[in-house]
1. Can you tell me which residue among Leu191, Leu149, Leu129 is hydrophobic (A, V, I, L, M, F, W, C), touching a Ser or Thr at 6+ places or on another chain (Cβ under 8 Å) and modelled with pLDDT under 85?
2. Given Leu216, Leu122, Leu143, Leu132, which one is surrounded by 15 or more Cβ atoms within 10 Å (Cβ to Cβ), under 30 Å from Val84 (Cβ atoms) and hydrophobic (A, V, I, L, M, F, W, C)?
3. Is the range 182-195 home to any residue that is of a type outside the set (A, V, I, L, M, F, W, C) and over 30 Å from Gln103 (Cα atoms)?
4. Condition first: surrounded by fewer than 17 Cβ atoms within 10 Å (Cβ to Cβ), among the acidic types (Asp, Glu) and closer than 30 Å to Asn260 by Cβ. Can you find one or more residues in the range 45-53 that meet it?
5. What single numbered condition from (1) in contact with a Lys or Arg (Cβ under 7 Å, 6 or more places away or on another chain); (2) over 27 Å from Gly230 (Cα atoms) fails to hold for Ile327?
6. Pairs under 7 Å by beta carbon, first residue over 21 Å from Asp180 (Cβ atoms) in the range 123-152, partner assigned to a helix (DSSP H, G or I) and among the basic types (Lys, Arg), six or more apart or different chains?
7. Report those strands (runs of 3 or more DSSP E) wholly inside the range 246-349 carrying at least 3 residues which are surrounded by fewer than 11 Cβ atoms within 10 Å (Cβ to Cβ) and on the phi < 0 side of the Ramachandran plot.
8. Within the range 42-52, is even one residue closer than 19 Å to Thr248 by Cβ and within 27 Å of the chain's Cα centre (by Cα)?
Amino acid sequence: MDTESKKERKSGKKILPRIIITTVVVIGLIYLAKEVWYAIHHEETDNAQVEMRLVPILSRVSGYVDKIYADDYMTVTKGQLLMVVDSTELELQLQEMQADFSQSLSDIENAKASLTNADASLSSARSNLEVLRIRQSKAANDLNRDKKLFEGNAITKRQVDDSQSAFDVTTKQLETSQMDVKVAETRLEVLRSLVGKAEAQADIKKARIDQQKLKLSYCRIYAIADGKLGKRNVDQGQFIQSGTPLFTIVNTESRWVVANFKENQVKNLHQGQVVSIKIDGYPSLDVQGKVVSLSDATGARFSLLPPDNATGNFVKVTQRIPIRIEIIDAGKYKDVLRAGMSVIVSAAI
């Protein structure tokens, strides 16, 4: 009996490892079969990441930072005040511009007054011209009549000479008055142009005032989108130039995935196709997406120095095509998805 029990134990020890090995092999084959089946019926890439719209906040004026109301990674809303630039110098410049503009308005009034006087002078000169024309006409008639009377010996030579002298005087006065009218008309045109010039200068100064007020409004820097701030790039008391980047807002309302599939995978992908997204940081989440668009150029074509295979010597490298994927029900994952997170995208074919 003891001999038989020993033989049974020995045979049991030999069978157990075989069972274990067989089980492991079967499980491995099943897993391998699943992987092969999955690879055949799916296109997958781990060259993918979450993208969000990054909104830069730039300074539009130069000056010293007076106050800062924002900090790193703070949640902000559109229209929220983030920072104030010292505006004392700009306000003084505005006061100077406003005083200069007031002087321009006075210059316009003076020019208009001079124009009014010149118009009155022209009217007076024209009236004098009409009077002198009447006098010259009368003097011409008197001269003609006296000449006829002199031919008939009705008057003396002296009277004829007096009539001739009166005619010559009125003729010269008429010519002088005509010149006075022309001068008055020319002066009137000059003064009209001066009024137009003064008004144009006032408009220019008014535009500069509006521009200065606009610069003053730029001293208060607001958030232009809802989201979260990135790292703050400025401190209180710092001098900043116009165009200096101050903050970056990560727009939390826009989320999508950019997946870079190999060029030999793109044939199985199309617009509107539903894909599965696995997030490296949250592998238990089952996120679905939809292909929105496929790029018309490889990712390398957007690089600073795109490859050129026409040099004669090159190594062929499989290129990748960027594909934009819209996240279905993205609002559900707003506390999870962050820009730059790595994901795995797979599409059934």
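The values are calculated or read from the model by the stated rules, or taken from the named source; none is laboratory data. Predicted model only: the values in this text are computed from it and were never measured. Please note: Cβ atoms are built from the backbone with ideal geometry, for glycine as well, and neighbour counts cover all protein chains shown.
1. Residue meeting the stated conditions: Leu129.
2. Leu216
3. yes
4. yes
5. Going through (1) in contact with a Lys or Arg (Cβ under 7 Å, 6 or more places away or on another chain); (2) over 27 Å from Gly230 (Cα atoms) one by one, Ile327 breaks only (2).
6. Close Cβ pairs satisfying both conditions: Phe150/Lys157.
7. Answer list for the range 246-349: 282-294.
8. Yes.
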